[in-house]
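*Asks:* Sharing a structure below in structure tokens format, with a few things to ask.
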Amino acid sequence: MHHTLIVLLALIVGGFIAGLFDSVVGGGGVITLPTLLWTGMPPYLALGTNKLAGTFASSTSSFTYFRSKKLYFPLLKWMIPFTFIGALIGADTVLNVNERYLKMIIFIAIVSITVITLWKRHLGKTNAFRGIRLGVIVLAMCVAAVLGFYDGFVGPGTGSFLLFAFLSVFRFDFLEAAGNGRVLNFTSNVAALLLFAVRGKVVYTLGLPMGIAMMIGARVGSRIAVKRGARLIRPLFLIAAVVLSIQMGITVFH
């Protein structure tokens, strides 16, 4: 790995932009993971270091949404434990398997949610959540476990998948969906980071500067999101989904 001022600057700039996007619509890992790999870091170290930086960003944006009362804890309390466990299992799995086939599935999924969001123009404009009942709780646990596993396994796009789940499955508006998604993303980041740290797969000298830059970007992004709401989040979400589709397509078909 080459530790130069240019590398550090790239990590800081990339981290700030990623934090800004990630706090609103997710997908920050699409910027941070390739940036870390560009430094010459081995893939497993890049994944672990990316979790460190992502934890900074998601903690900041989660706190901003919490202060703005844009979280729905009656549902989140059922999802947080399953997100944590799923992420631990995912992080443990990625250290032992080839993720090529999973990336193909992710590519198809992200293209699908982009098309659905474009097609359903009213998705996320109003809060149509119908309340807590047994079926909703079971579904929430399953969604949390699957997306937690994915975040621990690979990561990029988790925030976008969470946002889409809260929009389409639970029918929250864009702003509350973004807030709830951030909390679960923070949970999965912490779980995966713990496992990567224990296995010695985190480069703190690069992850900390990037994480601080992401934290500043996340603070700015989440405050703008709270003020602007769906008018800002929908177009940004579509941009993030398209970029993620292209990035995943290149990875899968290269």
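The values are calculated or read from the model by the stated rules, or taken from the named source; none is laboratory data. Since the model is a prediction, treat every value here as computed from it, not as a measurement. Every residue, glycine as well, gets a Cβ built from its backbone with ideal geometry; the counts of neighbours run over all protein chains shown.
*Asks:* In the list V154, V146, V183, V169, which residue meets the criterion of being of a type in the set (A, V, I, L, M, F, W, C), surrounded by fewer than 20 Cβ atoms within 10 Å (Cβ to Cβ), under 21 Å from I85 (Cα atoms) and in contact with a helix residue (DSSP H, G or I) (Cβ under 9 Å, 6 or more places away or on another chain)?
*Replies:* Every option except V146 fails the conditions.
*Asks:* Could you please find all residues in the stretch 157-210 being touching a residue at least 40 places away in the same chain (Cβ under 8 Å), more than 25 Å from R228 (Cα to Cα) and not in a helix (DSSP H, G or I)? Give the derivation first.
*Replies:* Initial filter on the stretch 157-210 (touching a residue at least 40 places away in the same chain (Cβ under 8 Å)): 157-164, 167-168, 170-197, 199, 201-210.
Imposing the further condition that a residue be more than 25 Å from R228 (Cα to Cα) reduces the set to 187-197, 199, 201-210.
Matches in the stretch 157-210: R199, K201, V202, V203.
*Asks:* Answer yes or no: is there a residue in the stretch 29-51 that is under 11 Å from the mean Cα position of the chain (by Cα) and either within 22 Å of L167 (Cα to Cα) or surrounded by fewer than 19 Cβ atoms within 10 Å (Cβ to Cβ) (or both).
*Replies:* yes
*Asks:* Assess whether I85 counts as being touching a Pro at 6+ places or on another chain (Cβ under 9 Å), at pLDDT 65 or above, farther than 27 Å from V242 by Cα and among the aliphatic types (A, V, I, L, M). Before the answer, list the steps.
*Replies:* Values: touching a Pro at 6+ places or on another chain (Cβ under 9 Å): no; at pLDDT 65 or above: yes; farther than 27 Å from V242 by Cα: yes; among the aliphatic types (A, V, I, L, M): yes.
No, not satisfied.
*Asks:* OK, next. Just checking, does the stretch 105-124 include any residue being at pLDDT 70 or above and closer than 15 Å to P74 by Cβ?
*Replies:* So far as the stretch 105-124 goes, no, none of its residues is at pLDDT 70 or above and closer than 15 Å to P74 by Cβ.
*Asks:* Being modelled with pLDDT of 75 or more, in contact with a Lys or Arg (Cβ under 7 Å, 6 or more places away or on another chain), part of a helix (DSSP H, G or I) and of a type in the set (A, V, I, L, M, F, W, C) is the requirement here; does A218 meet it?
*Replies:* Numbers: modelled with pLDDT of 75 or more: yes; in contact with a Lys or Arg (Cβ under 7 Å, 6 or more places away or on another chain): no; part of a helix (DSSP H, G or I): yes; of a type in the set (A, V, I, L, M, F, W, C): yes.
So A218 does not fit the description; no.
*Asks:* Please go through the stretch 1-27 and pick out each residue that is surrounded by 24 or more Cβ atoms within 10 Å (Cβ to Cβ), out of contact with any Leu (no Cβ under 8 Å at 6 or more places or on another chain) and of a type outside the set (A, V, I, L, M, F, W, C).
*Replies:* Hits for the stretch 1-27 are G15, G19, D22, S23.
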